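Peer 1: Here you go, one structure.
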Amino acid sequence: MIIKRLSKVILLFSIVSIFVLEPFQIQAKQIPKFLFDRALQESQEGDFIQAKKDWDLFLSENPDDPAALSNRGNILLALGDPEGAIIDQTKAIQISPEDLDPYLNRGIAKEALQLWEAAKNDYNMVLKQNPENVSALYNLGNVMGSMGNWDEARKFFAKAASSGNAIAMARSSEALSIYQLGDLELAEKKIRLLIRKYPLFADARAALSALLWRKGFVGEAESNWAAAAGLDIRYREKNWLLNFRRWPPKPTNDLISFLALENR
């Protein structure tokens, strides 16, 4: 079960199951439980450097605690060490192979290294046990998009978007994949529905700006872009769109072309 999510720090806009208390049990006896709790709180508060020190201390006496290993792995990824994260998540899997969170987290670390097939395998392992896992569905959609298979990406985004635990980003990614595949009318419908529900959602506003520009409605594109730019200025950056937010190429190129015209 996903306890906490980290979006902006963890790479690639994947959803990470971070800072897990259950289903793992704290196995340590030598070090008081407060050290585990302190490291967990530091992790949740974004104090990653101190959290790593405390996870290291906890694990020095309790090297086989899967919860601590998985949590430290997420911290290592946040600190820019995906290789170290993979090592910790793999150890957690070896100790407690029935638990799904380390597979999910290891998949995200593999994505950071662009190991698409390896990440895909980890997400499929999660989905084999829990076909409705929104994080695995969404992340697998990102992987399929990175591999250039936008039809498959759309299917996974759609499954994530239709879940009772659906997140707005999954719905936006589904619409963007439809945009990439050429059905502008359906993409626009889905984006407008999303904006109606989340009027301050920058991703949907930026996507609608690109789509409207593509259709020739420049004035309305400008209005939506004003809202998007006020919410998140990163949508101006092509590299960020393609490699971090993971937009498809067609919407990305349309938005960049629109911005180039706007900035003349």
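We did not get these values from a lab; they are worked out from the coordinates using the rules stated. In this text, all values refer to a predicted model and were calculated from it rather than measured experimentally. Using ideal geometry, Cβ is built from the backbone for each residue, glycine included, and neighbour counts are taken over all protein chains shown.
Peer 1: From the phi of every residue in segment 62-75, what ³J(HN,Hα) in whole Hz does the Karplus formula 6.51 cos²θ - 1.76 cosθ + 1.60 yield, where θ is phi - 60° and glycine or proline is x?
Peer 2: 9, x, 10, 7, x, 5, 5, 4, 5, 5, 5, x, 5, 5
Peer 1: Based on the alpha-carbon gyration tensor of segment 60-107, what equivalent-ellipsoid semi-axes (square roots of 5 times the eigenvalues) come out, in whole Å, largest first?
Peer 2: They are 15, 13, 7 Å, listed from largest to smallest.
Peer 1: Most exposed first by the Cβ proxy, i.e. fewest other Cβ within 10 Å, how do Trp213, Trp116, Trp55 rank?
Peer 2: Trp116, Trp213, Trp55
Peer 1: Viscosity 1.306 mPa s, temperature 10 °C: give me the Stokes-Einstein translational D for the chain in µm²/s, with Rh taken as the Kirkwood radius over C-alpha pairs.
Peer 2: Stokes-Einstein gives a translational diffusion coefficient of 83 µm²/s.
Peer 1: Could you give each residue of segment 138-153 its phi-based ³J(HN,Hα) in whole Hz, using Karplus coefficients 6.51, -1.76, 1.60 with θ = phi - 60°, and x for Gly or Pro?
Peer 2: 3J(HN,Hα) across segment 138-153, in whole Hz: 5, 5, 5, x, 4, 5, 5, x, 5, 8, x, 9, 6, 5, 5, 4.
Peer 1: Further question: What lysines does Lys120 reach when the alpha-carbon gap must be under 20 Å and sequence neighbours fewer than 8 apart in one chain are set aside?
Peer 2: Lys91, Lys110, Lys128, Lys155, Lys159
Peer 1: Hey, what do the phi angles of segment 97-102 turn into as Karplus ³J(HN,Hα) couplings, whole Hz, using 6.51/-1.76/1.60 and θ = phi - 60°, x for Gly and Pro?
Peer 2: Here the 3J(HN,Hα) series is x, 7, 8, 8, 4, x Hz.
Peer 1: Ranking request for peptides 246-256, 57-67: highest mean number of other beta-carbon atoms within 10 Å first, then the rest in descending order.
Peer 2: Ranked by mean Cβ neighbours within 10 Å, highest first: 246-256, 57-67.
Peer 1: How would you rank 219-225, 151-157, highest first, on the average number of other Cβ atoms within 10 Å across their residues?
Peer 2: Final packing ranking: 151-157, 219-225.
Peer 1: Follow-up. Two decimals, Cα atoms only, Kirkwood Rh: what is Rg/Rh over segment 49-203?
Peer 2: Using Cα coordinates only, the ratio equals 1.05.
Peer 1: Between Val218 and Leu184, how many nm apart are label points set 7 Å from Cα along the C-beta direction?
Peer 2: The two pseudo-label positions are separated by 1.5 nm.
Peer 1: Could you give the radius of gyration (one decimal) and Dmax (whole number) of the Cα atoms in segment 191-264, in Å?
Peer 2: Final numbers for Rg and Dmax: 11.1, 33 Å.
Peer 1: If each Cα of segment 131-264 is one equal point scatterer, what is log10 of I(q)/I(0) from the Debye formula at q = 0.14, 0.19 Å⁻¹?
Peer 2: -0.55, -1.03
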